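The values are calculated or read from the model by the stated rules, or taken from the named source; none is laboratory data. This structure is a prediction, so every number in the text was calculated from the model and none was measured. Glycine gets a Cβ as well: all are built from the backbone with ideal geometry, and neighbour counts include every protein chain shown.
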Amino acid sequence: MRKRQQKISDRSRLLTEQRLVESMRLDQLSVEDALAVMHSQDAIAVKAVASQRTQIARAVKWVAAALKAGGRLIYVGAGTSGRLGVLDASECPPTFGIDPLRVQGVIAGGDGAMFRSKEGAEDQSEDGAAEMDARKVGSGDVVMGIAAGGTTPFVRGALERARKRKARTIFLCCVKKTPAEAQADLVIRPLTGPEVLTGSTRLKAGTATKLVLNQITTLAMVRMGKVYENLMVDLKATNSKLQDRAARVVAALTGLGRDEAIALLERNGGDVKTVIVMQKRGLNASKARKILSIYGGDLRAAIEA
């Protein structure tokens, strides 16, 4: 019982667990006034992330280097933090055409915790360590632990084991350093402060987390040559929306009409980069693919070489 009370006492000092003065009368405010409070607090999350630009830039470079060399980015979290990691990982394959195994999300409690809360699962540090063993994490990987409150045992166990297995480690949290904090090679710490609804880190802390993950994977993929100008050139056209987007990308970069772009994509397996190189350099599909292969899939290099 004493240990449990100690845990409660420790958590009560975290920024994310303290009460926000501006929302003390939340249950008495009009909807319009409550929204005004939430909007002003959301702006704090954006500023908090901006304060971590140097650390985020370092993370981007680490992740890009690991992925270029054949390694992986593995997110680890529990609850909202875990779901945001799984969400970001799941969106990388269709957006950037990367193998799903290269960017992974691990959530305490397993896949079922994505849809139904399993809060007790976060308390088992050995489960986090076991996940790293099961995935054979190694020196070529980057493991990023996400814990808004900074103390999640599942995340701490995963990061400790990942470090022992020689992976590079990153820790994302929204509180000041605590004795129970996970050890990592790099810490990203947007201090978002107390939540409008006390302790509900799916609010500001969740917003800040989503922003950081967006920035890391998007810019890492840019550095890998999966973006040309500001266009997705490695997208996988797995539905009608993405097929339309692929055609618009080809049209924008080659001057072809939309119907011509669609026809050319259909004849070449929907491969956006190949079609663009074919048009830009006047090559057939085989030669375009060869040039892309020579330059590691970097479209700009393939076009300008």
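Of all the criteria given as (1) touching a Leu at 6+ places or on another chain (Cβ under 8 Å); (2) hydrophobic (A, V, I, L, M, F, W, C); (3) assigned to a strand (DSSP E or B), the one not satisfied by V106 is (1).
If I filter segment 204-263 down to residues being among the β-branched types (V, I, T) and touching a Lys or Arg at 6+ places or on another chain (Cβ under 8 Å), which single residue comes out as surrounded by the most Cβ atoms within 10 Å (Cβ to Cβ)? Working first, answer last.
Initial filter on segment 204-263 (among the β-branched types (V, I, T)): 207, 209, 212, 216-218, 222, 227, 233, 238, 249-250, 254, 262.
From what's left, touching a Lys or Arg at 6+ places or on another chain (Cβ under 8 Å): 233, 254.
Values: V233: 23, T254: 17.
Checking each candidate, the answer is V233.
On the stretch given as segment 284-301, residues that are surrounded by fewer than 16 Cβ atoms within 10 Å (Cβ to Cβ) and not in a helix (DSSP H, G or I) total 2.
Residue count for segment 182-228 under the criterion of being at pLDDT below 95, within 30 Å of G296 (Cβ to Cβ) and in contact with a Phe, Trp or Tyr (Cβ under 7 Å, 6 or more places away or on another chain): the result is 1.
Would you check if there is a residue in segment 262-272 being at pLDDT 95 or above and within 19 Å of C92 (Cβ to Cβ)? Can you show your working first?
First pass over segment 262-272, keeping only residues at pLDDT 95 or above: none.
No: segment 262-272 contains no residue that is at pLDDT 95 or above and within 19 Å of C92 (Cβ to Cβ).
Of everything in segment 30-74, what is under 19 Å from L20 (Cα atoms) and either in a loop (DSSP other than H, G, I, E, B) or of a type in the set (D, E, K, R) (or both)? Give them in sequence order. Across segment 30-74, the qualifying residues are S30, E32, D33, D42, K47.
The condition (being without any contact (Cβ under 8 Å) to a residue 24 or more places away in the chain, assigned by TED's automatic domain parsing to the domain that holds P179 and surrounded by 11 or more Cβ atoms within 10 Å (Cβ to Cβ)) is satisfied by just one residue among L20, L29: L29.
Just so you know, in segment 222-244 the residues that are basic (K, R) and assigned to a loop (DSSP other than H, G, I, E, B) include one that is nearest to E266 (Cα to Cα), and it is K236. Restricting I262, I216 to residues that are assigned to a helix (DSSP H, G or I), not assigned by TED's automatic domain parsing to the domain that holds R72 and not aromatic (F, W, Y) narrows the list to I262.
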